[in-house]
1. How large is Rg over Rh for region 45-92, taking Rg from the Cα atoms and Rh as the Kirkwood inverse mean of 1/r across Cα pairs?
2. Taking the Cα centre of each part, how many Å lie between region 54-72 and region 96-113?
3. Tell me, what HN-Hα J-couplings in whole Hz come from the Karplus equation 6.51 cos²θ - 1.76 cosθ + 1.60 at θ = phi - 60° for each residue of region 90-98, using x for Gly and Pro?
4. Hey, got a sec? Which trypsin sites (Lys or Arg not before Pro) in region 54-116 land in a DSSP loop and have at most 13 other Cβ atoms within 10 Å?
Amino acid sequence: GWKPNPERTYMLHLCLAAAAWTSELANDAASSPRVLVTGATGRTGSALYLQLKADSRIAEVRALVRNVTKARELLGCKACDESEGVFVGDVTKPETLTAASTGIDTVAIAAAVGGGASQKE
């Protein structure tokens, strides 16, 4: 029989919340918003990034990543560089954020900062 999957339920809630947020953002902005997603190769960040990329009301979506190989796998980028809006950086190192955040209206923070497995990526 059918069993609930907490991970699938979490992703559904994330997608619904992101849809509501992007709708509000796009409707409130004078022009189409430009969004930077930090932690874009994580579970939450990649789902949010892909949803925002698919939303025609969003003018530009950029990804802040630490690992280009992982970005290529999860985000579907080819060059996975600034030409595609993918920036290598670290939220704990302000000097790596300038290029990614220039001209951005909104930052969606999906980066995990702290201990655990994510530090090894």
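Here, each number is a calculation from the coordinates, and none is a lab measurement. Keep in mind that what you see is a predicted model, and the values were worked out from it rather than measured. Heads up, the Cβs are rebuilt from the backbone with ideal geometry, glycines too, and the neighbour counts pull from every protein chain shown.
1. Rounded to two decimals, Rg/Rh equals 0.94.
2. 11 Å
3. These are the phi-based 3J(HN,Hα) values: 9, 4, 8, 10, x, 5, 8, 9, 4 Hz.
4. Hits after loop and neighbour filter: Arg57, Lys78.
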